[in-house]
């Protein structure tokens with residue numbers, strides 16, 4: 001174990017005290033550890049997210065990007081519309097491949 005000195009403002013100290021009392025039996029070390037672990041799980045979750053879908057009438061056979069089920073000419077699949085955002089499923093860059101999802105797969109998302 002190592003001792004660290006921090007200078008925290010009054011509102012941060014009050015928040016730390018409140019959270020540690022409410023959730024961690026007044027253990028401020030556990031409270032800070034939990035906050036750091038929470039922050040760590042969210043780092044890297046910024047990028048491109050699916051904001052919606054645009055219908056596409058297939059002009060030739062294609063497969064769903066997610067479930068890989070084939071679909072015939074004339075079927076309707078959905079192209080995702082991407083925007084900048086954050087979340088668990090955020091992608092660091094836009095996909096280079098053609099991405100079409102079937103109705104069943106977009107309902108799951």
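Here the scattering of the stretch 46-108 is modelled by Debye summation over its C-alpha atoms, one equal scatterer each and no solvent; at q = 0.18 Å⁻¹ the log10 of I(q)/I(0) is -0.64.
Classify the chain from the C-alpha gyration tensor, please: rounded if a/c falls under 1.5, else prolate or oblate depending on whether a/b exceeds b/c. The shape class here is prolate. Under the definition of Cα pairs under 8 Å and six or more residues apart, what whole-number percent is the relative contact order of the chain? Across the chain, relative contact order equals 24 percent. A Gaussian network model of the chain, with springs between Cα atoms under 10 Å, assigns the largest mean-square fluctuation among 47, 74, 85 to 74. Remark: 105, 67 ranked as 67, 105, counting other beta-carbon atoms within 10 Å and listing the fewest first.
Within the listed set 36, 15, 77, the Gaussian network model of the chain (springs between alpha-carbon atoms below 10 Å) gives the highest mean-square fluctuation for 15.
Across 63, 51, 14, mean-square fluctuation computed from a Gaussian network of the chain (C-alpha pairs under 10 Å connected) peaks at 14. Counting 0.36 nm for each residue step from residue 10 to residue 61 and taking away their Cα separation leaves a gain of 12.0 nm. Helix-only arithmetic for the chain: the sum of -39500 (n - 2.57) across DSSP H runs with n ≥ 4, divided by the residue total, places the mean residue ellipticity at 222 nm at -10000 deg cm²/dmol.
Just so you know, all these numbers are worked out from the coordinates, no wet-lab data involved. These figures come from a predicted structure and were not determined experimentally. Glycine also receives a Cβ, built like all others from the backbone with ideal geometry; neighbour counts cover every protein chain displayed.
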